[in-house]
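Have a look at the structure below, then the notes.
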Amino acid sequence: MTIHYAGAPTDADMRELTSAFGEPLPVAYGDFIQQWNGIFLVDNYFDLEFPTVDDGLIAFESLFGVSTDNPSFHAVTQNAWLAAEIVQLRAWVIGADGGGNFFVLDRDSGAVFYWDRTLLHGPAESGAAVVEDCEGRNLYLFRDSLEEFLALLASKTQGMDHVQKEDWPG
């Protein structure tokens, strides 16, 4: 499996991201953007174990960057389109599963949620940490911190080919 990434963003890209975020970026998020500026699994995705959902798995395809012409993978554009649908959290949409569902950073707690925006999964399991968006779709607590989420992705992508592309995901 191959991962495309954009590489270091320009200063203008970082100003745009910080301005859209509306406050200083969390250190882990800023470091990720500075190093990778988004990642995209080429022609595929991988599953992440998540017992909270009905089949115990969620897919992962991408984390958004700021140096892409494709609005579907641009963090600022995605948040302009989507973040207002989540009123219960101070949300920042950071990535996607490739099927219309998203990974969301709660800017207050630093936790990462999986947003089942397409209603792919059934009702939440009993005891699950869940909030609903403005249309009743579940956001499941996936990881307690962005650092924990990024570490999980790093372990899952270890050994994959990483290819820098200016026009990612291409």
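Hey, any hits in region 4-22 for a residue that's within 23 Å of residue 145 (Cα to Cα), open to solvent by 30 Å² or more (accessible area, probe 1.4 Å) and within 15 Å of the chain's Cα centre (by Cα)?
Yes, because at least one residue in region 4-22 is within 23 Å of residue 145 (Cα to Cα), open to solvent by 30 Å² or more (accessible area, probe 1.4 Å) and within 15 Å of the chain's Cα centre (by Cα).
Please give the strands (runs of 3 or more DSSP E) falling wholly within region 27-71 in which 3 or more residues are among the acidic types (Asp, Glu), touching a helix residue (DSSP H, G or I) at 6+ places or on another chain (Cβ under 7 Å) and at pLDDT 95 or above.
Values: elements: 39-41, 46-49, 57-60.
By residue number, no strands (runs of 3 or more DSSP E) qualify.
For region 85-94, state whether one or more residues are in a helix (DSSP H, G or I), in contact (Cβ under 8 Å) with a residue 12 or more places away in the chain and farther than 21 Å from residue 33 by Cα. Spell out the reasoning first.
Within region 85-94, the subset in a helix (DSSP H, G or I) is 85.
Remaining after also requiring in contact (Cβ under 8 Å) with a residue 12 or more places away in the chain: 85.
Retained after the next criterion (residues that are farther than 21 Å from residue 33 by Cα): 85.
Within region 85-94, one or more residues are in a helix (DSSP H, G or I), in contact (Cβ under 8 Å) with a residue 12 or more places away in the chain and farther than 21 Å from residue 33 by Cα.
For region 122-142, give me each residue that is outside any strand (DSSP E or B) and either open to solvent by 20 Å² or more (accessible area, probe 1.4 Å) or modelled with pLDDT of 95 or more (or both). Outline the logic, then answer.
Restricting attention to region 122-142, the residues satisfying the condition of being outside any strand (DSSP E or B) are 122-129, 133-137.
Scanning region 122-142 gives 122, 123, 124, 125, 126, 127, 128, 129, 134, 135, 136, 137.
Quick one: in region 72-86, of everything that is aliphatic (A, V, I, L, M) and either open to solvent by less than 60 Å² (accessible area, probe 1.4 Å) or in contact with a helix residue (DSSP H, G or I) (Cβ under 7 Å, 6 or more places away or on another chain) (or both), which residue is farthest from residue 101 (Cα to Cα)?
Step one: list which residues in region 72-86 are aliphatic (A, V, I, L, M), which gives 75-76, 80, 82-84, 86.
Those left that are additionally either open to solvent by less than 60 Å² (accessible area, probe 1.4 Å) or in contact with a helix residue (DSSP H, G or I) (Cβ under 7 Å, 6 or more places away or on another chain) (or both): 75-76, 82-83, 86.
Details: 75: 15, 76: 17, 82: 11, 83: 13, 86: 13 Å.
Among residues in region 72-86 that are aliphatic (A, V, I, L, M) and either open to solvent by less than 60 Å² (accessible area, probe 1.4 Å) or in contact with a helix residue (DSSP H, G or I) (Cβ under 7 Å, 6 or more places away or on another chain) (or both), the one farthest from residue 101 (Cα to Cα) is 76.
I'd like to verify a number: residues in region 29-55 that are open to solvent by 20 Å² or more (accessible area, probe 1.4 Å) and farther than 16 Å from residue 3 by Cα, how many?
Of the residues in region 29-55, 7 are open to solvent by 20 Å² or more (accessible area, probe 1.4 Å) and farther than 16 Å from residue 3 by Cα.
The values are calculated or read from the model by the stated rules, or taken from the named source; none is laboratory data. Quick caveat, the model's predicted, so the values are computed rather than measured. FYI the Cβ positions are ideal-geometry reconstructions off the backbone, even for glycines, and counts take in every protein chain you see. All accessible areas refer to the heavy atoms of the entire protein, side chains included, with ligands and DNA or RNA removed. Shrake-Rupley method; radii C 1.70, N 1.55, O 1.52, S 1.80 Å.
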